[in-house]
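Just below is one structure, and these are the notes that go with it.
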Amino acid sequence: AHMLRITVQPPSTAVSGATLSPAPEVTLYDAADNVAIRSVLAVRGHPTTWFKTAPMFLQVTLSVVGGGATLGGTATVACVQGIATFSSVSIQNIGTYQLRASTVSLDGDTLTAVSTPVSMSVSMCEPG
């Protein structure tokens, strides 16, 4: 993988503690800007080096930029066909936050992407 992008942004507003909808999605891209579904691994052997194509099994982790909030749900997920979907993530604090997605590529580089801001509010319930 060469680049990481948040391709489905979290909602611009959400209720603190509620699952983010739409679920944030992060996509891995190769150097040619294609979705990185497979990886080419160099396998060194005597007397030559050959290349093997392998599925991408990278994990992507979401965190809050600058801290100040706690994520609920599953914040680390595996990429499926180059896409990581965070279907159970919530932000537990009131305020405005950005999410950071990060992974370590197969060659050891750390890749990151930052979301648009998410404004978290309190759920208002009418007395019943």
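Data table
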item	result
Arg100-Ser16 pseudo-label distance in nm [points 7 Å out on the Cα-to-Cβ vector]	2.3 nm
For segment 55-97, fraction of C-alpha pairs farther apart than 16 Å, in %	41 percent
Per-residue SASA entry for Ile94, accessible area with 1.4 Å probe, Å² rounded to 10	110 Å²
Spin-label pair Ser63/Ala23, simplified geometry with 7 Å Cα→Cβ offset, distance in nm	2.3 nm
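The values are calculated or read from the model by the stated rules, or taken from the named source; none is laboratory data. A quick note: this is a predicted structure, and the numbers were derived from the prediction, not measured. No Cβ is skipped: glycine too gets one built from the backbone with ideal geometry, and neighbour counts run over all protein chains shown. Side chains included, ligands, DNA and RNA excluded: accessible areas come from the protein's heavy atoms. Shrake-Rupley method; radii C 1.70, N 1.55, O 1.52, S 1.80 Å.
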